Amino acid sequence: MGNKPAKQERREEVLLKIVPPLDQAYVRWLARDIERIHGFSPRNPRAVKPPEHYIEYMQLNGWLDVDLDDPDLAHLFK
């Protein structure tokens, strides 16, 4: 004698995603704004050298296999 499994009711649920009407001027403004933000890229990005303790930590864990003093890579760190 044990507990009998309860009968599961089968419910038919229909989920609708209804979008309210949008102002077309707002939609155009939003599209231009998003394009301006995501299309931005700096003209002369500067190379950033991480702090020494980050470099040390990454080398100890084998995450940094690049020698930062390599003359072939010097132009990347200017």
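Per-structure values
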quantity	calculated
The chain, dipole about Cα centre (Lys/Arg Cβ +1, Asp/Glu Cβ -1), debye to the nearest 20	800
GNM result for the chain, Cα springs below 10 Å: residue of 60, 68, 16 fluctuating most strongly	16
Inter-part distance where the range 59-76 and the range 27-52 are each reduced to a Cα centre, Å	27
Option label - mean projected area of the Cα convex hull in nm² computed here, alternatives (i) 16.3; (ii) 10.4; (iii) 7.8	(i)
Point-to-point label distance, residue 70-residue 23, nm (Cα→Cβ direction, 7 Å offset)	5.5
Signed unit charges on C-beta, dipole axis of the chain, positive-most listed residue 66, 37, 26	26
Full-extension gain in nm, residue 37 to residue 77, via 0.36 nm per residue minus C-alpha separation	11.7 nm
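Each reported figure results from applying straightforward, stated rules to the coordinates on display, with no laboratory input. Worth saying up front: this structure is predicted, and the values here are computed from it rather than measured. Cβ coordinates were reconstructed from backbone atoms using ideal geometry, including for glycine residues, and neighbour counts include every protein chain displayed.
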